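Peer 1: Provided herewith is a single structure, encoded as structure tokens, for subsequent inquiry.
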Amino acid sequence: DCAALLGFLAAFAGVYLGQRWGVPWPDAVASLFIGVILIVVALFLAAETKGLLLGERANMQIIEDIRRIVAEDSSVTLANQPLTMHFGPNQILLNLEVEFKPKMTAPEIAAAIECLERKIRDRHAEVSRIFIEARALRASAAGPDTGGRH
């Protein structure tokens, strides 16, 4: 909108001054100024669109806040770096790999995941899709590790 208003004012000034002074060059200068405005707007839009098309990550403040939320949860022992990607200006995908305390049951892990999702969405409504890969630590050193992925 600002670019449109600036272009309108430049065109008005160019035509007005050209008529007032009886010379053609103010209109030509105004046309060049409008061209520069259009180039600047095109570059800005291209940069914004590129970021959205290539899957730009979320703002570092959002990522750090998500890390804090997960780290403060009493059922979590370890969480990897959150992976984020924009689907749109206000739509963020979040992928987390979280290790939960030993001996947690599947229902307890499911409840912990729901709690984490709720806390994240309460603070950051733009995080529209959350995928949490849950891993429970082995309860004992005996027995093979099956990966613990749920």
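Peer 1: So, in the range 65-100, of the ones that are out of contact with any Phe, Trp or Tyr (no Cβ under 6 Å at 6 or more places or on another chain) and of a type in the set (Gly, Ala, Ser), which residue ends up modelled with the lowest pLDDT?
Peer 2: Restricting to residues being out of contact with any Phe, Trp or Tyr (no Cβ under 6 Å at 6 or more places or on another chain) and of a type in the set (Gly, Ala, Ser), the top hit is Gly88.
Peer 1: Another question about this same structure. If you take the residues of the range 1-46 that are assigned to a helix (DSSP H, G or I) and among the charged types (D, E, K, R), which of them is most open to solvent (accessible area, probe 1.4 Å)? If you could, list the steps in order and put the result at the bottom.
Peer 2: Our first condition is that a residue be assigned to a helix (DSSP H, G or I); within the range 1-46, this holds for 2-21, 25-46.
Then drop every residue that is not among the charged types (D, E, K, R), which leaves 20, 27.
Working: Arg20: 169, Asp27: 71 Å².
Only one residue tops the list, namely Arg20.
Peer 1: Turning to a different aspect of this structure: Scanning for something among the acidic types (Asp, Glu) and part of a helix (DSSP H, G or I), does the range 95-107 turn up at least one residue?
Peer 2: no
Peer 1: Here's a follow-up. So, in the range 47-85, how many residues would count as being assigned to a helix (DSSP H, G or I) and over 10 Å from the mean Cα position of the chain (by Cα)?
Peer 2: Looking only at that region, the number is 15.
The values are calculated or read from the model by the stated rules, or taken from the named source; none is laboratory data. The structure displayed is predicted, hence computed values, not measured ones. Glycine gets a Cβ as well: all are built from the backbone with ideal geometry, and neighbour counts include every protein chain shown. What goes into the accessible areas is simple: the full protein's heavy atoms, side chains included, and nothing from ligands, DNA or RNA. Shrake-Rupley method; radii C 1.70, N 1.55, O 1.52, S 1.80 Å.
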